[in-house]
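Since the structure comes first, as structure tokens, the remarks are kept for the end.
The values are calculated or read from the model by the stated rules, or taken from the named source; none is laboratory data. Fair warning: this is a prediction, and the values are worked out from it, not measured in the lab. Glycine gets a Cβ as well: all are built from the backbone with ideal geometry, and neighbour counts include every protein chain shown.
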Amino acid sequence: MNLLDKQPSSDNLSELEVVTSRHPQLTPDHPLEVLWDYHTGPETYYHGDVHYVLQLSIVRHGQIEIAYENYRRTCRAGDLWWTFCWEPHAFRCLDKRNLIMTINVNLDDLGEIGLLGSSVNWLAPFSATPDKRYCPQTDTERDVIQQWAERMTHVYRRRPANWLPQCWLDFHRLLLHVIERLPETTGMQEDASDIRVYLERLRPALELVRTSPVTPDLQTAAAACRLSVSRFSELFRKTLGKSYGHFALRAKLGHCAADLKNGRLLLKEIAQRHGFCDAAGLCNAFRRVFHCTPTEFKA
């Protein structure tokens, strides 16, 4: 049985090493990448990550504990987990042999399968809160996920004719399978066709967040979309399921983590660069998300 418990944040994640990833290889002509990670265990430490891309991970073999801020879950073979843009997350392997399959997709390209996909809210599996995201509850459902992962692996690795469109369409077939099983309250309540239009309006701001070393503030993001601050904020929450402030804070902390890893700037310089009032403000925000101070992270 899955462990779907909210556990206290007393678990020590101070040894978590966050790897900020830009995934420049993802383009409209190559909108997804598939990776396989083999780990021996059991592990006492976490592998951490924070990045712009949407991510789906599937446990092929073994047992994995995943962590999002204060949320924990144990996944076994056939289970999966979802990661939204700039959402810090981590995992550690609990069995002797563990294999994880990960699919990375740019938010900008999600759902680009023609007019047939315009009425589907493709973001719903990623944008729900971690405890509401789909995970198989039966062995039959896990078998469905494993069979899908096996097909994707075969096509992606062997690369027959038209392999990339086949992978792209098969990825969206899995999303449809999942979306049909989500509670109505899990996805965003807006009509999916409206979500698609709103996302197009927000693309300039999302591109700014993705490419800028310093996360743009609310006014700059709204101006990039030629929208008022109030209208931009309304559309952002309807489309992505969270406020721009929440989204931007995670992006800023991801950039701060990268600067800390580089080690070229003082803490107060990093705080100033990314719009925090002072080093103390950065420390407080960093601790809430990463469960450690910037100094502990750097050390």
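Odds and ends about this structure:
- Condition met for residue 65 (over 30 Å from residue 211 (Cβ atoms), of a type in the set (Asp, Glu), in the same structural domain as residue 106 (by TED's automatic domain parsing) and surrounded by fewer than 18 Cβ atoms within 10 Å (Cβ to Cβ)): no
- Residues of region 149-165 satisfying the condition of being in a helix (DSSP H, G or I) and over 21 Å from residue 121 (Cα atoms): 149, 150, 151, 152, 153, 154, 155, 156, 157, 158, 163, 164
- Residue 168 falls short of the stated requirement of being in a strand (DSSP E or B), surrounded by 15 or more Cβ atoms within 10 Å (Cβ to Cβ) and at negative phi.
- Selection count, region 258-284, where residues are free of Cβ contacts under 8 Å to residues at least 12 places away in the same chain and in contact with a Lys or Arg (Cβ under 6 Å, 6 or more places away or on another chain): 0
Per-residue answers, yes or no, for (1) within 18 Å of the chain's Cα centre (by Cα); (2) more than 26 Å from residue 88 (Cα to Cα); (3) not acidic (Asp, Glu):
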position	(1), (2), (3)
138	no, yes, yes
141	no, yes, no
196	no, no, yes
216	no, no, yes
241	yes, no, yes
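- Sole residue being over 26 Å from residue 173 (Cα atoms) and modelled with pLDDT of 95 or more, chosen from 92, 97: 97
- All of (1) within 22 Å of residue 129 (Cβ to Cβ); (2) in contact with a Cys (Cβ under 7 Å, 6 or more places away or on another chain) hold for residue 243 with one exception: (2).
- Taking first residues from region 149-176 that are under 20 Å from residue 135 (Cα atoms) and partners that are in a loop (DSSP other than H, G, I, E, B), the Cβ contacts under 8 Å between residues at least 6 apart in sequence or on separate chains come to 172/111; 172/113; 172/122; 175/120; 175/122; 176/120.
Here's the yes/no breakdown for (1) at pLDDT 90 or above; (2) farther than 30 Å from residue 239 by Cα:
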| site | (1), (2) |
| --- | --- |
| 37 | yes, yes |
| 44 | no, yes |
| 53 | no, no |
| 57 | yes, no |
| 80 | yes, no |
| 88 | no, no |
| 111 | no, no |
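- Test result for residue 221, under 26 Å from residue 110 (Cα atoms) and touching a Leu at 6+ places or on another chain (Cβ under 8 Å): yes
- Just so you know, in region 188-238 the residues that are hydrophobic (A, V, I, L, M, F, W, C), modelled with pLDDT of 85 or more and within 16 Å of residue 124 (Cα to Cα) include one that is surrounded by the fewest Cβ atoms within 10 Å (Cβ to Cβ), and it is 235.
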